[in-house]
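Readers should treat all values here as calculations from the given coordinates under stated rules, not as data from a laboratory. Because the structure is predicted, anything quoted here is derived from the model rather than measured. Note that we place each Cβ from the backbone using ideal geometry, even for glycine, and neighbour counts take in every protein chain shown.
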Amino acid sequence: MSGNTTSGLDAVTLGLVRGVLASAVAEIETLIERTSMSPFINEKKDYDAGFTDARGRALLLRNPVGANKVEALLDSYPPETMQHGDIYWYNDCYGSHGGVTHSPDLVFISPAFAGDTLVGFCEVFGHFWDIGGMRPGSLSPDATEIFQEGIIVPPVRVFRGGQWNEDLIRLFVRNSRFPEMLEGDIRAMTAAVQMGVTRLVEAAERFGAETLRQAMDTFLSQTTEALRARVREVLPQGTLRFAEPIETSSADGPHWIRLEVQRDGDSVRLDLTESSDQSLGPANFLMHTSVPPLALAQSVLPQDSSIVFNGGAADIADVVQLREGSIVQPRFPAALGSRGSAWQRFASAIQGVLALATDGDSTAASANYCLYMLRSFDPATGRWLLVTDGMASGRGARPYADGSDAIYHVGQKNYPIEYIEMSYPVRLEEYSIHPDSGGPGLHRGGCGVMREFTFLRPAGQIAIRIDNVQFPPWGVSGGMAGRPGSVTINPGTPQARELQPMSDGNAVEEGDVIRILTSGGGGWGDPFMRGPDLVRQDVLGGFVSVTGARRDYGVVLDPQTFDVDIALTKELRSGERSHKLFHRDGYVDEIW
C-alpha cells in the first residue's frame, strides 16, 4: 500500500495509527490477564478487547461474534448523554440483540473524548466464573430459559465522575457463589477500559481527532472493499446451500442450521430462515445480523497483512435473512448457555458452502471444543468448589496441510496440568493425543485429546458438553469424517459407565476416574494418497494407531519395529477408489 488513500491520508500515517491501536489492544489484554481473578479469563484467556469508532463500528476483530457491542449500548445511552470517564456495563443478550451471546460474558465500555469530540470507544468483555443461576458456573445443559443462566444486567452506567456505583456492584456480586472472584474481575475489566480510553485519547492528541476519524473510516472502508471483492471472486453465480446438525441435551434435537448463499450478479444474499425451530435447551444462538457476513468474510480472508478484519466486513452481503423463533434467532427467554455448539456448526456450514463453491478446494469441518464443569459443595465451609474447563479438539484438514491438533479455540488455551492439580482436588493421570480421531485423508484432520483424572473429593457432580458425537466433522474431497469423542467414568472396570455427551448432574465419588476423549477434525483428500512414510510418522507420534494405519490409509506396519510392509501396502492400495465431495457416515454430494 503506497501513496494517498481516498481519505487523503498517506499510507505511513495509516500504518502508524493502525500500529498504535494494535499495540494498545495488546497492552489492555496484558492488564486483563495480570489483574483478573477468574481462571476462565486469566488462564483460559476467554476475554476480548478492542476499539470502535464513534458510531460503534469495530476496528479490530478476533472473531465474527459480538461486533455490535457498542451499537447495543447506544440504544440505551445516546452519545450526547455520555461524559469522558463514564464506564458502562451489561450482559443482556436479548437486550443487546446478540452483542452478548450468553450471560456469563460481561461487557464493559467507555467513551473516549478529545475535548468535546467523541472519537471512539474502548470495549472489553470476559467470561465470568459464576453469576448465579441454577448451577455453579451459571451454565448447564439442563437449562430451559435464560433466567436459569444467571443474573441479567441491561446496559447500566457503573462509573461516572470518578465515582463507582458501589450499590450496583454489591447487588451483582451478592448473586454469585464466588463473590470475591467476581468483584476482582469487575475491577480488572474496568481498569482495562480506562487504560484503553487513555490510549485512544493519546492517539487523538498525537494525530489529531480528525485524522484519527479519517483513519478509522479508511480502515473500515478498505476492509469492506477488499472483502466484497474477495467474496465475489470465490462465490459463483447461483445458489449454494449447506446444513449442519446441532447435538443438544433437549428431547427436541437434533436441530439443523441451514444456510443458503445466493449470488445474483454483484448481489450476495445469506439466508438462514430454513434453520430448525429454537431448542428447548441451551443450544440456541442469538445471532446478530452482522454475524453471517462477518463469518463468511473471515473464512475467505486472504493472507494479506494490509487487510484488517474489522466491522467493515459486515457490509460484504447485501441481504441477511434470519427467522424469529429459529435456532439462530430464538425468542426470549430461551436459554443460550451452550450457544458455542451452534456457533461452531454455523462456522462449519460456511465451510461447506465454500467447499461447494470451490469444488472441494477448502477446509474440512472442525470439531467443537469440549466443556466440562466439576462441582462439589463443602458443608463445613458452606462454599462450592468449581472446575470449569475447556478441552481442545481437532481442526479440519486443509487443501495444503493437515488440520491442527489439540486446538481449544482461536486465541484461547487449555488449563495446564500443573494449574489444575494445584488449584482443584483432582489428580491428572494422563493428558495425551486421542489417536485415530483426526479424519483420514491425504491431509489428516487434526486430532482431539484425552484427559484422564481422579476425583479427590468425597462427592460431586460433573456436567458435560461434548459435541460431534452423533454427527462428526465431515471430510471433503475424498477425506473422511473425524472420529467422535466420549466421556467415561472408571473406564476398564466393572463400574465403567459412559455419560451422555450433553448432560448434567452426573454423580462422581472420591477415587472415581474420569476419562474425556474429544473429537477430531475432518480429513481432506483420499487417505490412500497419503505417503506411507507420513502415516508411519503419525503412528510414531501417537496420532494414528497401527490398526488405524491399515484400516484408514492402507498402510501396513510391523507392530514392533513400525517398518512399512511395502508389498502388503501396495496390495491394499491397488483397488479402485471413488468418492463424492463430502464424507460423514459415507460419501455424499451434499449435506442438506
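From the phi of every residue in region 257-271, what ³J(HN,Hα) in whole Hz does the Karplus formula 6.51 cos²θ - 1.76 cosθ + 1.60 yield, where θ is phi - 60° and glycine or proline is x?
With coefficients 6.51, -1.76 and 1.60, one gets 8, 10, 10, 10, 10, 10, 10, 10, x, 9, 8, 10, 10, 10, 10 Hz.
Based on Cβ point charges of +1 for Lys and Arg and -1 for Asp and Glu, what charge dipole magnitude is obtained for region 295-350 about its Cα centre, in debye rounded to the nearest 20?
It works out to roughly 360 debye.
If each residue of separation counts as 0.36 nm, what is the full-extension length gain between residue 83 and residue 430 once their alpha-carbon separation is subtracted?
119.6 nm
What are the DSSP H helices in the chain that stretch 15 Å or more along their long axis, judged by alpha-carbon atoms, and whose average Kyte-Doolittle hydropathy comes to at least -0.5?
Length and hydropathy pass: 11-35, 179-207, 209-234, 339-357.
For residue 359 and residue 534 in one chain, what is 0.36 nm times their gap in residues minus the Cα-Cα distance, to one decimal in nm?
Length gained, residue 359 through residue 534: 60.4 nm.
Using 0.36 nm per residue of separation minus the Cα-Cα distance, give me the extension gain between residue 267 and residue 117 in nm, one decimal.
50.3 nm
About the Cα centre of region 153-281, what is the dipole size in debye to 20, counting +1 per Lys and Arg Cβ and -1 per Asp and Glu Cβ, all else neutral?
360
Is the C-alpha gyration tensor of the chain telling us rounded, prolate or oblate? Criteria: a/c under 1.5 is rounded; beyond that, a/b larger than b/c is prolate, otherwise oblate.
Since a/c reaches 1.5 but b/c is at least a/b, the shape of the chain is classed as oblate.
Packing-wise, with mean Cβ within 10 Å as the measure, how do 464-474, 561-571, 214-224, 447-457 rank, highest first?
Ranked from most to least packed, the peptides come out as 464-474, 447-457, 214-224, 561-571.
Residue 135: net charge of surrounding residues, Cβ under 12 Å, Lys/Arg +1, Asp/Glu -1, itself excluded?
Neighbourhood net charge equals -2.
Within straight cross-link reach of residue 413, meaning Cα distance under 30 Å, which lysines are found once same-chain residues fewer than 8 apart are removed?
Correct list for residue 413: 44, 45, 69.
For region 169-242, what is one quarter of the convex hull surface built on the Cα atoms, given in nm²?
The orientation-averaged projected area of the Cα hull of region 169-242 comes to 10.2 nm².
FRET efficiency for residue 30 and residue 166, Cβ-Cβ distance as r, R0 = 25 Å, nearest 0.05?
Once the sixth-power term is evaluated, E becomes 0.35.
Can you give me the C-alpha center-to-center distance between region 194-225 and region 420-443, rounded to a whole angstrom?
Spelled out, the Cα-based centre of one part sits 43 Å from the other.
So how strong a dipole does the chain carry about its Cα centre when Lys and Arg Cβ are +1 and Asp and Glu Cβ are -1, to the nearest 20 debye?
So the magnitude is around 200 debye.
Take every Cα-Cα pair in region 448-564 and report what % of them are more than 25 Å apart.
Result: 40 percent of Cα pairs exceed 25 Å.
Among the lysines, select those whose C-alpha is under 30 Å from the C-alpha of residue 570, and discard any that sit fewer than 8 residues away in the same chain.
Reachable lysines: 580.
Just the number, please: percent antiparallel of the DSSP beta bridges in region 253-347, rounded to the nearest 5.
DSSP beta bridges in region 253-347 are roughly 70 percent antiparallel.
Within region 492-533, list the residues whose amide N lies under 17 Å from a label point set 7 Å along Cα→Cβ of residue 558.
Residues 533 fall inside that zone.
Which shape class applies to region 214-317: rounded if a/c is under 1.5, otherwise prolate when a/b exceeds b/c and oblate if not, where a ≥ b ≥ c are the square roots of the Cα gyration tensor eigenvalues?
Taking the square roots of the gyration eigenvalues as a ≥ b ≥ c, region 214-317 is prolate.
Can you give the FRET efficiency to the nearest 0.05 for residue 461 and residue 277, using r as the Cβ-Cβ distance and R₀ = 35 Å?
The computed FRET efficiency comes out at 0.70.
Once you put a point 7 Å from the Cα of residue 239 and another 7 Å from the Cα of residue 10, both along the Cβ direction, what distance in nm separates them?
5.2
Given the -39500 (n - 2.57) contribution per DSSP H run of 4+ residues, what per-residue ellipticity at 222 nm results for the chain, rounded to the nearest 500 deg cm²/dmol?
My calculation for the chain gives -8500 deg cm²/dmol from helical runs alone.
For the residue pair residue 417 and residue 206, what label-to-label distance in nm results when each label sits 7 Å from Cα along the Cα-to-beta-carbon direction?
Going by the 7 Å Cα→Cβ label model, 4.4 nm.
Given labels modelled 7 Å from the Cα in the Cβ direction, how far is it in nm from residue 198 to residue 568?
6.7
Per residue, how much space in cubic angstrom lies within the convex hull of the C-alpha atoms of region 264-347?
Each residue corresponds to 107 Å³ of Cα convex hull volume.
Please quote Rg/Rh for region 1-74 to two decimal places, taking the Kirkwood radius as Rh and restricting both calculations to Cα atoms.
Rounded to two decimals, Rg/Rh equals 1.07.
Considering amide H positions built from the backbone, and no H for Pro or chain starts, which residues 5 or more places from residue 268, or on another chain, come under 5 Å of its amide H?
For residue 268, the qualifying residues are 318, 319.
Whose amide H sits under 5 Å from the amide H of residue 133, counting only residues 5 or more places off or on another chain, with H placed in the peptide plane?
When sequence neighbours closer than 5 places are left aside, the close amide H contacts are 150, 151.
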